[in-house]
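Peer 1: Mind looking over this structure? Questions follow.
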Amino acid sequence: MQKKLMAAAVAGALAMPGVALAQNITFSGFFKMGVENIKIGQPSAARAGLHDSELRLTDNSSRWIISANEDLGGGLQAIAQLDVRFSPDNGNIAGSGNSWVGLRSKQTGTLTFGRHDLHYGRSPSDLPNKAGALKAAAISIMDHMPTPASATTVGAVTPIANTTRTPNVIRWDSPNWGGFTLTAAYSTNAGAASEADLADADPGAGTGSVRKGSAFNINPAYTDGNFKVVYSH
């Protein structure tokens, strides 16, 4: 009962500033499509008689973003963002982008609750957010690590931080301290769309279908003119 009341109180506190958010709303985003030809250069014997190339349309993370903010006084702002990803080539649409609500202050930084890119995409390239295909971006290489070869996997890779946005995140972004910034984040369950681990049949025996787990991300950065150093763990 106590837990439910606390959750309701937090939700109510965040919802109250939202009543006036319509006063400061920004719409942004972009369409990014490509035409590509994919060819398998050395098809395996198992692909004998199968196609080894195709011409196709590809969406490169087109998105529509609604951002909102409202001054609460004393240099504090209530903020929110809805990041909707869509695919013009096949019509798929989902609110799977960086979506969150929170508070922002020049003195204490920004505290948000929601879904965020953490670690993923922290390579120096800004290409995915500007021009070009995702396959040409540094994240295509930097956000995966090799999996040791075995009898069944050769040259396989393991995605780092799910190679996508992390759900259930509490995130703090520091103010800019003379070029130094810090992002510290904690996910109550990084592997599920919600805290579905409560449905685990027998947590002690590990027989449930949903993993209970959390994750954190520490991401300091220093920028001086055209020089930038970033660390993400």
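Peer 1: Only one of these is farther than 15 Å from Phe30 by Cα and modelled with pLDDT under 95: Asn98, Asn60, Asn92. Name it.
Peer 2: Testing whether each residue is farther than 15 Å from Phe30 by Cα and modelled with pLDDT under 95 leaves just Asn92.
Peer 1: Out of (1) free of Cβ contacts under 8 Å to residues at least 60 places away in the same chain; (2) surrounded by fewer than 18 Cβ atoms within 10 Å (Cβ to Cβ); (3) closer than 30 Å to Trp172 by Cβ, the odd one out for Gly114 is which?
Peer 2: (2)
Peer 1: Please specify each residue of region 163-187 satisfying the condition of being open to solvent by less than 40 Å² (accessible area, probe 1.4 Å) and under 23 Å from Leu76 (Cβ atoms).
Peer 2: Val169, Arg171, Asp173, Ser174, Pro175, Thr183, Ala184, Ala185 - these are the residues of region 163-187 that are open to solvent by less than 40 Å² (accessible area, probe 1.4 Å) and under 23 Å from Leu76 (Cβ atoms).
Peer 1: Continuing with this model, one more query. Test Asp83 against the criterion of being among the acidic types (Asp, Glu), open to solvent by less than 30 Å² (accessible area, probe 1.4 Å) and modelled with pLDDT of 90 or more, and give yes or no.
Peer 2: yes
Peer 1: So Thr58 passes all but one of these: (1) in contact with a Leu (Cβ under 9 Å, 6 or more places away or on another chain); (2) of a type in the set (Val, Ile, Thr); (3) surrounded by fewer than 18 Cβ atoms within 10 Å (Cβ to Cβ); (4) closer than 21 Å to Val169 by Cα. Which condition number does it fail?
Peer 2: (4)
Peer 1: Can you find even one residue in region 27-42 that is open to solvent by 30 Å² or more (accessible area, probe 1.4 Å), in a strand (DSSP E or B), at pLDDT 95 or above and touching a Lys or Arg at 6+ places or on another chain (Cβ under 7 Å)?
Peer 2: No, there is no match, as no residue in region 27-42 is open to solvent by 30 Å² or more (accessible area, probe 1.4 Å), in a strand (DSSP E or B), at pLDDT 95 or above and touching a Lys or Arg at 6+ places or on another chain (Cβ under 7 Å).
The values are calculated or read from the model by the stated rules, or taken from the named source; none is laboratory data. Given the structure is predicted, the values throughout are model-derived calculations rather than measurements. We place every Cβ from the backbone using ideal geometry, glycine too, and count neighbours over all the protein chains shown. Areas reflect the complete protein model, heavy atoms only, side chains present, ligands, DNA and RNA absent. Shrake-Rupley method; radii C 1.70, N 1.55, O 1.52, S 1.80 Å.
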